[in-house]
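> Dropping the structure in here first, questions after.
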Amino acid sequence: MIEVNELTKRYGSVLAVNGLSFTVRPGLVTGFLGPNGAGKSTTLRMLLGLNTPTSGTATIDGKRFRDLGTGLRHVGALLDAGDVHSGRSAAAHLSALARSNGLPRRRVDEVLQEVGLADVARRRIGGFSLGMRQRLGIATALLGDPPVLLFDEPINGLDPEGVLWVRRLFRRLAAEGRTVFVSSHLMSEMENTADRLVVIGRGELIADEGVTEFAARGTNFSVSVRTPDTAVLAGLLATEGAEVTSDGYESLTVTGLTAARIGELAFHHRLMLHELATHTPSLEEAFMELTADSVEYLAGQPQ
């Protein structure tokens, strides 16, 4: 389990992380989201002891990472797939890590096989594509068979098959009871992979909740209705406080009322409905809306 409590990091006048608190529990894939400059990478680096907090704590199973001894047995992490010696082979890179953490040599072969790099184990990493480096980074995280795993942008550079493989891998690891914490900018992938989200902006917590709950906080929630009695139904819905827009012949878009309430009103007034469908905001729509005030670099909008 990962616990962050009142975590703060200041670089001179820049407050990168500000009083951040959250818990990442085992058995779930937890997504870590935020705009550029939100403090995600700084938080992950403090979890791994690479940066020292100005104040607060970041612990894994109740201990600081630096106090865990053979770290790879406790925590596996991928922060930067390019941060490897390009002159080494994949097998040599993993073998050195295995020796330094007291891991059996067979784990090198096992993880290379698992990530699909067994056939290029002796090739120098400098000749690897970005997707191959990502797979090697994931192999490194898995090497010690740890209960806690951290991944920063693990999908970058992967082809569709690779993305599907990573999605299944993360879900399997969580199903085994591990703590899986994934930072990503790909909202569609988080929507398909994560069970829970920790969302930050400008170093502060915005949300710590399930994916469905977070998406439902977006205001673009609406209901589509098709009925031959559009004028009558629109009037009824307006009296209930809903906003109603006509989308053409027999079609209405309604905000401010649930599909269940619309159906009840139609039934009570004997109005025929041909269609009643709820549109829930996507994770991306909710994220863009709820982090709008936390965006550090905002592109200009067309006039």
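> Just to be sure I understand: with springs between alpha-carbon atoms less than 10 Å apart, which residue in M272, M187, M132 has the highest mean-square fluctuation in the Gaussian network model of the chain?
Greatest mean-square fluctuation among the candidates belongs to M272.
> Name the shape class, rounded, prolate or oblate, that the alpha-carbon gyration tensor gives for region 24-65, where a ≥ b ≥ c are the square roots of its eigenvalues, rounded holds for a/c under 1.5, and otherwise prolate holds if a/b is larger than b/c and oblate otherwise.
Taking the square roots of the gyration eigenvalues as a ≥ b ≥ c, region 24-65 is oblate.
> Please compute the net charge surrounding S282, taking Lys and Arg as +1 and Asp and Glu as -1 over other residues with Cβ under 11 Å from its Cβ. Mind showing how you got there, number by number?
On the way: positive: none; negative: E191, E284, E285, E289.
Counting the neighbours of S282, the net charge comes to -4.
> Which of these, T239, T43, T291, has the largest mean-square fluctuation under a Gaussian network model of the chain (Cα springs below 10 Å)?
T239
> Below 14 angstrom from the Cβ of F22, what's the summed charge of the other residues (Lys, Arg +1; Asp, Glu -1)? Intermediate results must be reported in sequence, preceding the final value.
Numbers: positive: R25, K40, R196; negative: E3, E6, E204, D208, E209.
With Lys, Arg at +1 and Asp, Glu at -1, the neighbours total -2.
> Now, a different point. How much net charge surrounds G203 when only other residues with a Cβ under 10 Å from its Cβ are counted (Lys, Arg +1; Asp, Glu -1)?
Residues near G203 contribute +3 overall.
> Could I ask something else about it? Provide the packing ranking of 110-116, 173-179, i.e. peptides ordered by the mean count of other C-beta atoms within 10 Å per residue, highest first. Provide the component values of the computation, followed by the final result.
Numbers: 110-116: 18.6, 173-179: 16.9.
Packing order, densest peptide first, comes out as 110-116, 173-179.
> Could you check which residue among I200, I262, I155 shows the biggest mean-square fluctuation in a GNM of the chain with a 10 Å Cα cutoff?
In the Gaussian network model the winner is I262.
> Something else now. Stokes-Einstein at 25 °C, 0.890 mPa s, Kirkwood radius from Cα pairs: D for the chain in µm² s⁻¹?
112
> Under the rule a/c < 1.5 gives rounded, and otherwise a/b versus b/c splits prolate from oblate, where does region 36-110 land using the Cα gyration tensor?
oblate
> In angstroms, what radius of gyration and Dmax does region 120-218 have, counting Cα atoms only?
15.0, 49
> How large is ³J(HN,Hα), in whole Hz, for each residue of region 75-86 in order, when computed from phi with the Karplus curve 6.51 cos²θ - 1.76 cosθ + 1.60 and θ = phi - 60°, using x for Gly and Pro?
9, x, 9, 10, 9, 8, 5, x, 8, 9, 6, 5
> Something else: Explain nothing, just the number: relative contact order of the chain, from Cα pairs under 8 Å at least 6 residues apart, as a whole percent.
21
The numbers here are math on the coordinates, done by the rules we state, and not lab data. Owing to the predicted nature of the structure, the values given are computational and were not obtained by experimental measurement. Neighbour counts run over all protein chains shown; Cβ positions are idealised from the backbone, glycine included.
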